[in-house]
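One structure is given below, encoded as structure tokens.
The values are calculated or read from the model by the stated rules, or taken from the named source; none is laboratory data. In this text, all values refer to a predicted model and were calculated from it rather than measured experimentally. FYI the Cβ positions are ideal-geometry reconstructions off the backbone, even for glycines, and counts take in every protein chain you see.
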């Protein structure tokens, strides 16, 4: 089971029975985002070397445009995820985690020191569970965007290899 699923289950239980150490650890682990950084050097080289004006009637322009559009969509999705994490998790951190627990986990990659939470209510946990679901949904879309971007790059590569006999 994914950590965000585990967190939603923990947050859905009664506050009094909750394993607060585990909850803090799971919430803090959601704060990580792995950003995709495509190499744009290859695309720049293709565009520079082929002098795209001479290919204005070719499908090459459309393959490049498709790739760049998919890259732009994925980058916007990553920006949205950063905003979600900042708005949802940082707000919860500053309102309900102790400085010692936050520092111990975030900067030393250890579990929180204790189970102390500041002024947390069942409503706060229900709200956080909903926000974690939003983060999870955005993650699913980012995976889809990643796959789409890879497919666009592969189609462009296949087209160039076939059309311009770049491989021997």
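Which residues, taken from segment 122-138, are over 14 Å from residue 9 (Cβ atoms) and touching a helix residue (DSSP H, G or I) at 6+ places or on another chain (Cβ under 7 Å)?
122, 124, 131, 134, 135, 138
This table checks each residue for (1) modelled with pLDDT of 80 or more; (2) within 15 Å of residue 138 (Cβ to Cβ); (3) surrounded by 15 or more Cβ atoms within 10 Å (Cβ to Cβ).
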{"site": "8", "(1), (2), (3)": "no, yes, yes"}
{"site": "11", "(1), (2), (3)": "yes, no, yes"}
{"site": "16", "(1), (2), (3)": "yes, no, no"}
{"site": "20", "(1), (2), (3)": "no, no, yes"}
{"site": "29", "(1), (2), (3)": "no, no, no"}
{"site": "32", "(1), (2), (3)": "no, yes, no"}
{"site": "40", "(1), (2), (3)": "no, no, no"}
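Identify, from the list 54, 78, 24, the residue that is buried (at least 16 other Cβ atoms within 10 Å of the Cβ), in a helix (DSSP H, G or I) and at pLDDT below 80.
Of the residues listed, the single one that is buried (at least 16 other Cβ atoms within 10 Å of the Cβ), in a helix (DSSP H, G or I) and at pLDDT below 80 is 24.
Given the conditions (1) modelled with pLDDT under 75; (2) more than 30 Å from residue 127 (Cα to Cα), and given that residue 2 satisfies all but one, which numbered condition is not satisfied?
(2)
Matching residues to (1) more than 14 Å from the chain's Cα centre (by Cα); (2) assigned to a helix (DSSP H, G or I); (3) more than 14 Å from residue 26 (Cβ to Cβ); (4) modelled with pLDDT of 90 or more:
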position: 100; (1), (2), (3), (4): yes, yes, yes, no
position: 111; (1), (2), (3), (4): yes, no, no, no
position: 139; (1), (2), (3), (4): no, yes, yes, no
position: 143; (1), (2), (3), (4): no, yes, yes, no
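Closer than 30 Å to residue 20 by Cα and modelled with pLDDT under 90: does that describe residue 118?
Numbers: closer than 30 Å to residue 20 by Cα: yes; modelled with pLDDT under 90: yes.
It is true that residue 118 is closer than 30 Å to residue 20 by Cα and modelled with pLDDT under 90.
Please enumerate the residues belonging to segment 70-97 that are farther than 30 Å from residue 15 by Cβ and without any contact (Cβ under 8 Å) to a residue 24 or more places away in the chain.
Answer for segment 70-97, where residues must be farther than 30 Å from residue 15 by Cβ and without any contact (Cβ under 8 Å) to a residue 24 or more places away in the chain: 72, 75, 76, 79.
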